[in-house]
Amino acid sequence: MMKHNSPILLTGANGQVGYEVTRLASERGYALIALTRQQLDIGDGKAVEQIVSQLHPSLVINAAAYTAVDKAEQEIEAAMRTNRQGPANLATSCQIHQIPLIHLSTDYVFDGNRSGAYKEDDPVAPTGIYGQSKWEGEEEVRTRLKQYLIIRVSWVFGPHGNNFVKTMLRLAAERDELRVVADQHGCPTCATHIAKALLSLAGKIKEGIDDISWGTYHFCGLPETTWHGFAETIIKEACNIGLLDHVIPIHPITTSEYPTPARRPQNSALDCHKIMNTFGMKLPNWQEGLTSMLETVTK
Ligand SMILES: NC(=O)c1ccc[n+]([C@@H]2O[C@H](COP(=O)([O-])OP(=O)(O)OC[C@H]3O[C@@H](n4cnc5c(N)ncnc54)[C@H](OP(=O)(O)O)[C@@H]3O)[C@@H](O)[C@H]2O)c1
């Protein structure tokens, strides 16, 4: 039973998405209890059950994850603990206390060999431990809980935390030119836009829990680009707002010229028609998110 006046419980509050959910919820007057990893380790089932039973939130949003894609190839246990056992623990407690769960997942559940954007029910085939652990986490949620929304997002960047945008800004300040992979395609997504989408879904759940079409959804920014295209836009925009003093050349390279411990999907594009049609959601423009993010970074 959903308690209308109970707060929303957010895990992973110090991450890119978690931080933005916390900030926006506070701006909009949502009752939200935001817990960092230090306050709640989602891999600890007893701690999860204790918090959920004590607070009895109206909704749990899980923004906690192990997101070090390359490191995960070595730290398999740590990745599985947070990305598989964590959502399993949350889903178990949500099931016991009849609380809905919004869980975030990733484009990296796919192998990237498809041409065209991935739909929610396309076959998964993760290419590394991170993607595998996130897929197993999704499955834990699906098997334990009826009232869940799994939202797969891609190429996340935001003002808080480390990400590709900050790496490009740092490298551009240190070097005369950059080399960036141009044969991986995907959709950058601003953490602020994800937070808005999550709070909008939270609002819909609050309005009428019985009307929600529970399940798995894709949500990402537009337009589709490559890491190289993303990097060019970052540098141009950083120059426009005075964060860098000149544009530096960015040379396109292939994935094979930039080997990484975990193989990335060549095509990460997510088809988001399902979330648009079901919840009337509009897809955000990541370039607008980038401009706002860069303006925050300059402050
Ligand atoms: N980043 C991306 O490009 C990307 C792309 C696609 C999907 N996603 C998904 O989007 C979601 C949000 O990602 P994000 O970019 O916001 O990640 P993030 O910035 O790495 O934040 C994740 C947060 O989870 C916390 N955390 C790690 N292990 C935990 C545990 N056992 N218990 C509780 N908290 C724990 C981390 O704590 P510390 O701060 O202490 O490390 C961090 O604050 C995740 O589900 C991720 O898989 C991300």
Q: Could you give me the percent of Cα pairs per 5 Å distance bin for the chain, shortest bin first, beginning at zero and ending with the bin that holds the maximum distance?
A: 1, 5, 12, 16, 19, 17, 13, 9, 5, 2, 1, 0
(Q) Looking at the chain only, what percent of DSSP beta bridges run antiparallel? Nearest 5 please. (A) 5 percent
Q) What residues qualify as long-range amide H neighbours of THR106, i.e. H under 5 Å apart, gap of 5 or more or another chain, H built at 1.01 Å from N? A) VAL153
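Using a simple charge model, +1 on the beta-carbon of Lys and Arg, -1 on the beta-carbon of Asp and Glu, nothing else, what dipole does the chain show about its Cα centre, in debye to the nearest 20? Show your work: numbers first, answer last.
Details: 28 positive and 33 negative charges, 141 e Å.
Around 680 debye, computed over the chain.
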**Q.** Pair-distance profile P(r), taking every C-alpha pair of the stretch 1-98, with 5 angstrom steps and integer %
**A.** 3, 14, 23, 24, 18, 11, 5, 2, 0
Q: Compute the relative contact order of the chain as a whole-number percentage, counting only Cα pairs closer than 8 Å that sit 6 or more residues apart in sequence.
A: 21 percent
(Q) With +1 assigned to the C-beta of every Lys and Arg and -1 to the C-beta of every Asp and Glu, and no other charges, what is the dipole magnitude of the stretch 75-205 about the Cα centre in debye, to the nearest 20? (A) 480 debye
Q: Mind checking which aspartates and glutamates have their Cα closer than 17 Å to the Cα of LYS236? Skip sequence neighbours fewer than 8 apart in that chain.
A: GLU174, ASP176, GLU177, ASP245, GLU288, GLU295
Q: Sort out for me the Cα centre separation of the stretch 262-276 from the stretch 76-137, rounded to whole Å.
A: 14 Å
Q: Note down the relative contact order for the stretch 232-299 as a percent, whole number, built from C-alpha pairs under 8 angstrom at least six residues apart.
A: 39 percent
Q | Hz values of 3J(HN,Hα) by residue in the stretch 232-246 - Karplus curve (6.51, -1.76, 1.60), Gly and Pro given as x | A | 4, 5, 4, 5, 4, 5, 5, 5, 3, 9, x, 7, 10, 8, 8
Q. Normalised by the residues of the stretch 158-229, what does the relative contact order come to in percent, with Cα pairs under 8 Å and at least six apart?
A. 49 percent
Q: Could you state the angle between the C-alpha long axis of helix 45-55 and the longest principal axis of the C-alpha atoms of the chain, as a value from 0 to 90 degrees rounded to the nearest 10?
A: 70 degrees
Q | Extended-chain gain in nm, criterion 0.36 nm per residue less alpha-carbon gap, LEU24 and PHE164 | A | 48.1 nm
Q: Would you mind getting the Kirkwood hydrodynamic radius of the stretch 57-216 from its Cα pairs, rounded to one decimal in Å?
A: 17.1 Å
Q: Work out, step by step, the length gained on full extension between GLU174 and LYS46: first 0.36 nm times the residue separation, then minus their alpha carbon distance; give nm to one decimal.
A: 41.4 nm
Q: Could you list CYS190, CYS239, CYS272 in order of exposure, starting from the residue whose Cβ has the fewest other Cβ atoms within 10 Å?
A: CYS239, CYS272, CYS190
Q) In terms of Cα to Cα distance under 30 Å, which lysines are near enough to LYS206, apart from those fewer than 8 places away along the same chain? A) LYS3, LYS46, LYS119, LYS134, LYS146, LYS196, LYS274, LYS282
Q. By how many degrees, between 0 and 90 and to the nearest 10, does the Cα long axis of helix 191-207 differ from the longest principal axis of the chain?
A. 20 degrees
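May I ask for the percentage of alpha-carbon pairs in the stretch 50-121 that lie more than 21 Å from each other? Display every interim value, and only then the final one.
On the way: 1070 of 2556 pairs.
Cα-Cα pairs in the stretch 50-121 separated by more than 21 Å: 42 percent.
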Q: With a Förster radius of 45 Å, plug the Cβ-Cβ distance of ASP245 and ALA31 into 1/(1 + (r/R0)^6) and report the FRET value to the nearest 0.05.
A: 0.50
Q: Mind listing the long-range amide H neighbours of LEU32? Cut-off is under 5 Å, sequence gap 5 or more, other chains count too, H placed in the peptide plane at 1.01 Å from N.
A: ILE8
Q: Determine, from the Cβ-Cβ distance of GLU288 and ILE96 and an R0 of 51 Å, the FRET efficiency 1/(1 + (r/R0)^6), rounded to the nearest 0.05.
A: 0.80
Q) Check TYR118: other-chain or 5+ apart residues with amide H under 5 Å from its amide H, H built from backbone geometry? A) ALA269, LEU270, ASP271
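Values in this text are rule-based calculations from the coordinates and carry no lab data. Just so we're clear, the structure is a prediction, and the values are computed from it rather than from any experiment. We place every Cβ from the backbone using ideal geometry, glycine too, and count neighbours over all the protein chains shown.
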